[in-house]
Amino acid sequence: MKEQKEGGGEVRYRGVRRRPWGKFAAEIRDSTRHGARVWLGTFNSAEEAARAYDRAAYAMRGSLAILNFPNEYHTPGTASSSASSSMAEGDQQGKQVIELEYLDDKLLEDLLDSEDKKNKKT
């Protein structure tokens, strides 16, 4: 989330602080550890630090994460590039991998039953 300082100063990013010597530090709070700070590193530019924060936030919170560059991450309802790459990797190993975002119990049981029936036929 970019913000302009009132005096027309530098752009600020979520989870990024500028060190007195000019480098940029990135950290994130981990809600599973009572808000403990997780150090992400020191970077030469604010954008690099902001992207490190985004990677950590997305890994921790998924699509609910508040990001500095939200357009660079998968949003629900769009085609996932990871799904297509997983399918390609699965085909190379002789298996097809299908990624589903949500399965209710009935759908899961139907899928497992159909796979069992398919295996019994062969």
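Every number here is computed from the coordinates shown, using simple stated rules; none is lab data. Just so it is clear, the structure is predicted and the values come from calculations on it, not from any experiment. Methodologically, a virtual Cβ is constructed for each residue, glycine included, from the backbone with ideal geometry; neighbour enumeration extends over all protein chains shown.
Here are a few things to note about the model shown:
- Descending by average beta-carbon neighbour count within 10 Å, the peptides 27-34, 44-51, 60-67 line up as 44-51, 60-67, 27-34, the highest first.
- Projecting the Cα atoms of Thr32, Ala49, Ser63 onto the charge dipole of segment 19-78, computed from C-beta unit charges around the Cα centre, puts Thr32 farthest toward the positive end.
- Label zone at Ser45 (point 7 Å along Cα-to-Cβ), backbone N below 17 Å, segment 12-34: 12-14, 16-19, 22-26
- What the Cβ-Cβ distance of Lys117 and Arg61 gives, at R0 = 35 Å and to the nearest 0.05, is a FRET efficiency of 0.35.
- Local electrostatic count, Tyr53, Cβ distance below 9 Å [Lys/Arg +1, Asp/Glu -1]: +1
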